[in-house]
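One structure below.
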Amino acid sequence: MGVLTISRQVRNRLHGSWMLISLIFVVLLPFLLGTGLYIKSANLLSNHSISSLLFSTEWKPISGKFGLWPFILSSLWVTILAVLFAVPICLLTSLHITQYAKRWVLSLMHPIIDILAGIPSVIYGVWGVLIVVPFVADYIAPLFGKTISGYSILAGAIVLAIMIIPFMLNILMEIFKTIPEELTEASLALGATRWQTIKKVILRKAFPGIVSAIGLGLSRAFGETIAVMMVVGNVTRIPYGTLQPGYPLPALIANNYGEMMSIPLYDSALMLAALVLFVIVLFFNFASRMAIVRLEKNL
Amino acid sequence: MRKTSRIEERFFRVLMFFSTAFIAISLLLIVFSIVYKGLPSLSWEMLTQEPKGGFYFGKEGGILNAILGSFYLAIGATLLAMLIAIPVALFINVHLRKYKKSTNFIRFLLDLMWGVPSIVYGAFAFGVMIYLGVRTSLLAGIITVTLFIIPIMIRSFDEVLKTIPNGLLESTFSLGATLSETSYRVVLRQCIPGFITSILLSFGRAIGDAAAVMFTAGFTDSIPTSLNQPAATLPLSIFFQLSSPIPEVKARAYTSALVLTVIILLISIFARYFSRKYEKNKIRF
Amino acid sequence: MHQGCKIHIENLNLTIGKQSILKDINICIPEGKITVIIGPSGCGKTTLLKTLNRLTDLYPEMKVSGSIVIDDQNVLESGQDITEIRKKMGLLSQRPYPLPMNIFNNVAFGLRISGRLSKRILHKRVQHYLEQANLWEEVKNRLHEPASKLSIGQQQRLCLARGLAVDPEIILADEPTSALDPISSQTIEHKFLELRGKYTIVLVTHFLQQAQRIADNVVFMYLGEVIEQGPSDEFFNNPQQEHTKHYLKGMFN
């Protein structure tokens, strides 16, 4: 009996230690990522000032010029446009699902949202090439009297918008669900219509949550790689319109990993691009999560 | 006043209905266009053969290399991630249950990691690989994807574990069970249905990801026979074939996309099925 | 130390933040008897019970001081094998919490973790404890069904069998009948009367009638303090304290 107890305690210790080691590893992971990327981009940072790298428009790796501005700008264009498209749709749909929808709509929409969320990025890319790019070329561009291939910031933004819809929708639905039903009932009892209640009570109460859902969608969209890369055109130039091709940061990294070893400092520049991506995404994430934590405390 | 508010309500209800329908239609449109374009070139050969010489010029062969590569990679990464994610999730919910501040901090950190794009993991892993002087391989791909899905898996397990009532823990401790016995024999068991769903979803993430593997797993026409060989993956195979100017190759890209879509749909169906099936041992509180 | 005290609680205090939940508790729980802790809800009965087998470890906000001595061993001293101490005490909670496994394994769980047994012996022991809890006849043909399929009353008896199976010396019961129908409640009460003598039973309840039916010894708590304790007859027929008198009156009218 004594021996058995000891072996049980030993097993308990072993399990406990493995759990603790795993936990420490997981907690350190973000710092590991950040440090690793920083060390790798340090070569470049020691020769160039950070602002000249971030805000210079010249990207000529062969002559040692690594200005990331066109890529950062492209990323911003695509991301912001995508969020602009997605937000109204997500808001309306999440309100419909949480406030109005009948049972059958719910049982239909839940699997649909789950599947949309699960579809791999590359499939969205294929779909973009099949449908969105021709659509932009044949229907949107002529409206502005232009002839283009369709591979453009707009195409990237549309594909990206569809991709982040399930993601933002899920967060918004969670947020609307946390609003106590009594609040809605109280408003309805005062004679307000359903829509007035939504407008005056629910949206107001959920406002911080909505902002953070948008922030999370933004950071998700910012890092999306392959789908955007397939439809956005990938031309290194400052984009000056949505029908122009763009070249977002993730696409830059993904497209050039093959040749980066042959040119000095090229790999450093790409690691810097990854670091910039990492920092921006973490920033948006951090701000949004903080807002959600606040919201939960207030409820 | 009355009337305008009624019109407003009408207007927004219609708008909401259309936006919901828009989402449903988008999914249909995506699936339909992939099936429509992919079905014509679907053949037995496509699924069961490796690319032969000239495959990328429209000659014979199939994408078995990519299908198997993807499965090896996703299965490897999922298992490896479970090895870390299950202990961490249990640790947070059983051992650290009483330390609210630290668990909240860990959850916050995991949520932050959840949002880091896979390309960043890919770039990081590639940097490490250059430093170590190793070449692209199945193992490198597996490790990278593991890092990428760990936060997703832990948070997803965590959501399931949060539903464990204190009473179940109290009962188990009262029987003289140690912390690890409580974790693995009781708590884990109670949560199996939820865990299966989480695992399948993480598997779906792993098999669908392209950005983390393109630097690390490489690409090859042969089926990997060991962990230090490079491996092809379906998403990359789709990507490469689609960028070809040759119509036959492009058509095969659509077929490959169809294969990947079907795999993802099957995973989603399995997830639903299994979580229902294993509900029976679960106690409802 | 008092003679015949199985559990001896001295100067026990428990606080959550600045709030005092248990105030300077001194109780002697006699061996082989049924001790019933009564009092209005929120008086700290359940917390006291959880302190006995240190389930308070689960709740960080609870700060405990004082001593609980069971068989010359202070439970509250850290650095002991808490699992061994807990095994001495079977717990029956307000609602049954069956383990997520089949009926047989629910009882076998405790047996398995404390020693390897042959299949035959294991089966015999499981049957024995299920019989002890008056459950055997009802489940003998469905031992491999999930415990979740049992009724609430059956689940509670399963929890009793499970608790007995680790061979405890003490049974802690926290309003074990509050979620049950009258017949199941009666079964549990009868069971306690049968088990008395072999086990020391500590029962928390807010049903005075229940306390009267089965108690040997009564502890009355109010707002985290022990107001009065003593043998059942004395307590009910000749209470000493004003509070007790009020409480008994209020409940009987």
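Where in region A:164-224 are the helices (runs of 4 or more DSSP H), entirely inside, with at least 3 residues that are within 13 Å of the chain's Cα centre (by Cα)?
On the way: elements: A:181-189, A:194-197, A:203-223.
Those helices (runs of 4 or more DSSP H) span A:203-223.
Residues in region B:39-49: is at least one out of contact with any helix residue (DSSP H, G or I) (no Cβ under 8 Å at 6 or more places or on another chain), among the polar types (S, T, N, Q) and part of a helix (DSSP H, G or I)? The answer is no; no qualifying residue exists. Could you tell me whether any residue of region C:100-116 is open to solvent by 10 Å² or more (accessible area, probe 1.4 Å), assigned to a loop (DSSP other than H, G, I, E, B) and aromatic (F, W, Y)? Scanning region C:100-116, I find no residue that is open to solvent by 10 Å² or more (accessible area, probe 1.4 Å), assigned to a loop (DSSP other than H, G, I, E, B) and aromatic (F, W, Y), so the answer is no. Condition check for B:R189 on (1) touching a Pro at 6+ places or on another chain (Cβ under 7 Å); (2) assigned to a helix (DSSP H, G or I); (3) more than 12 Å from chain A (Cβ to nearest Cβ); (4) at pLDDT 90 or above: one failure, at (4). Residues that are within 10 Å of chain B (Cβ to nearest Cβ) and open to solvent by 20 Å² or more (accessible area, probe 1.4 Å) within region A:39-57 comprise A:I39, A:K40, listed in sequence order. Based on this model, can you work out whether B:N65 counts as within 14 Å of chain C (Cβ to nearest Cβ) and either touching a Gly at 6+ places or on another chain (Cβ under 6 Å) or crowded, with 18+ Cβ neighbours inside 10 Å (or both)? Judged against the criteria, B:N65 is not a match. Screening C:C28 on (1) closer than 30 Å to B:V187 by Cβ; (2) open to solvent by 10 Å² or more (accessible area, probe 1.4 Å) shows it passes everything except condition (1). Quick one: would you say C:V166 is touching a strand residue (DSSP E or B) at 6+ places or on another chain (Cβ under 6 Å) and crowded, with 22+ Cβ neighbours inside 10 Å? The answer is no for C:V166. Among the residues of region C:198-253, those that are of a type in the set (D, E) and within 25 Å of C:L12 (Cβ to Cβ) comprise C:D216, C:E225, C:E228, C:E234, C:E242.
If you check B:S171 against the conditions, is it more than 30 Å from C:S93 (Cβ to Cβ) and either surrounded by 21 or more Cβ atoms within 10 Å (Cβ to Cβ) or not hydrophobic (A, V, I, L, M, F, W, C) (or both)? Against the criterion (more than 30 Å from C:S93 (Cβ to Cβ) and either surrounded by 21 or more Cβ atoms within 10 Å (Cβ to Cβ) or not hydrophobic (A, V, I, L, M, F, W, C) (or both)), B:S171 does not qualify. The number of residues in region B:24-44 that are surrounded by fewer than 17 Cβ atoms within 10 Å (Cβ to Cβ) and more than 8 Å from every other protein chain (Cβ to nearest Cβ) comes to 9.
A:Y257 passes every criterion in (1) within 11 Å of chain B (Cβ to nearest Cβ); (2) surrounded by 20 or more Cβ atoms within 10 Å (Cβ to Cβ) apart from (2).
Let's see how each residue does on (1) out of contact with any helix residue (DSSP H, G or I) (no Cβ under 8 Å at 6 or more places or on another chain); (2) modelled with pLDDT of 90 or more; (3) of a type in the set (S, T, N, Q); (4) open to solvent by 70 Å² or more (accessible area, probe 1.4 Å):
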| position | (1), (2), (3), (4) |
| --- | --- |
| A:G2 | yes, no, no, no |
| A:M19 | no, yes, no, no |
| A:L23 | no, yes, no, no |
| A:V26 | no, yes, no, no |
| A:F31 | yes, yes, no, yes |
| A:G34 | no, yes, no, no |
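Take the conditions (1) hydrophobic (A, V, I, L, M, F, W, C); (2) open to solvent by 60 Å² or more (accessible area, probe 1.4 Å); (3) facing chain B (nearest Cβ under 10 Å); A:L183 misses just one of them, which is (3).
If you take the residues of region A:216-226 that are more than 9 Å from every other protein chain (Cβ to nearest Cβ) and open to solvent by less than 10 Å² (accessible area, probe 1.4 Å), which of them is farthest from B:A212 (Cα to Cα)?
Ranking the qualifying residues of region A:216-226, first place goes to A:G217.
Whether a residue is in contact (Cβ under 8 Å) with a residue 60 or more places away in the chain and in contact with an Asp or Glu (Cβ under 7 Å, 6 or more places away or on another chain) was assessed, and A:R289 passes this test.
Checking each residue in region C:179-214 for being in contact with a strand residue (DSSP E or B) (Cβ under 6 Å, 6 or more places away or on another chain) and among the charged types (D, E, K, R) picks out only C:R196. State yes or no: is A:A269 open to solvent by less than 50 Å² (accessible area, probe 1.4 Å), more than 8 Å from chain B (Cβ to nearest Cβ) and more than 30 Å from A:E174 (Cα to Cα)? Considered against the rule, which asks whether it is open to solvent by less than 50 Å² (accessible area, probe 1.4 Å), more than 8 Å from chain B (Cβ to nearest Cβ) and more than 30 Å from A:E174 (Cα to Cα), A:A269 comes out as yes. Look at (1) open to solvent by 70 Å² or more (accessible area, probe 1.4 Å); (2) more than 26 Å from the chain's Cα centre (by Cα); (3) not assigned by TED's automatic domain parsing to the domain that holds B:D221 and you find that B:A21 fails only one, number (1).
To keep it simple, each residue is scored yes or no on (1) out of contact with any Ser or Thr (no Cβ under 8 Å at 6 or more places or on another chain); (2) among the hydroxyl-bearing types (S, T, Y).
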{"site": "C:Q80", "(1), (2)": "yes, no"}
{"site": "C:S93", "(1), (2)": "no, yes"}
{"site": "C:P98", "(1), (2)": "no, no"}
{"site": "C:N102", "(1), (2)": "yes, no"}
{"site": "C:G110", "(1), (2)": "yes, no"}
{"site": "C:H128", "(1), (2)": "yes, no"}
{"site": "C:N134", "(1), (2)": "no, no"}
{"site": "C:E138", "(1), (2)": "yes, no"}
{"site": "C:H144", "(1), (2)": "yes, no"}
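Would you pick out the residues in region A:158-180 that are of a type outside the set (A, V, I, L, M, F, W, C) and open to solvent by less than 40 Å² (accessible area, probe 1.4 Å)?
Correct list: A:P166 only.
A:R11 meets the conditions (1) more than 11 Å from chain B (Cβ to nearest Cβ); (2) open to solvent by 10 Å² or more (accessible area, probe 1.4 Å) in every case but one. The failed one is (1). Taking region B:92-115 as the range and being without any contact (Cβ under 8 Å) to a residue 12 or more places away in the chain and either facing chain A (nearest Cβ under 7 Å) or out of contact with any helix residue (DSSP H, G or I) (no Cβ under 9 Å at 6 or more places or on another chain) (or both) as the test, the residues that pass are B:Y99, B:K100, B:K101, B:F108, B:L109, B:L112, B:G115. Do the conditions hold for A:L154, that is, is it open to solvent by less than 10 Å² (accessible area, probe 1.4 Å), in contact (Cβ under 8 Å) with a residue 60 or more places away in the chain, in a helix (DSSP H, G or I) and in the same structural domain as A:G233 (by TED's automatic domain parsing)? In short, no. Taking the listed residues B:I246, B:I223, B:I207, B:I238, the one that is among the β-branched types (V, I, T) and within 28 Å of B:Q190 (Cα to Cα) is B:I207, with no other qualifying.
The set of residues in region B:81-114 that are out of contact with any Pro (no Cβ under 9 Å at 6 or more places or on another chain) and assigned to a loop (DSSP other than H, G, I, E, B) contains only B:L96.
Taking the conditions (1) within 13 Å of C:D167 (Cα to Cα); (2) under 14 Å from the mean Cα position of the chain (by Cα); (3) at the interface with another protein chain (Cβ under 7 Å from one of its Cβ atoms) in turn, C:G115 satisfies each one other than (2).
The values are calculated or read from the model by the stated rules, or taken from the named source; none is laboratory data. The structure presented is a predicted model; accordingly, all values stated were derived computationally and were not measured. FYI the Cβ positions are ideal-geometry reconstructions off the backbone, even for glycines, and counts take in every protein chain you see. SASA here: full protein model, heavy atoms, side chains in, ligands and nucleic acids out. Shrake-Rupley method; radii C 1.70, N 1.55, O 1.52, S 1.80 Å.
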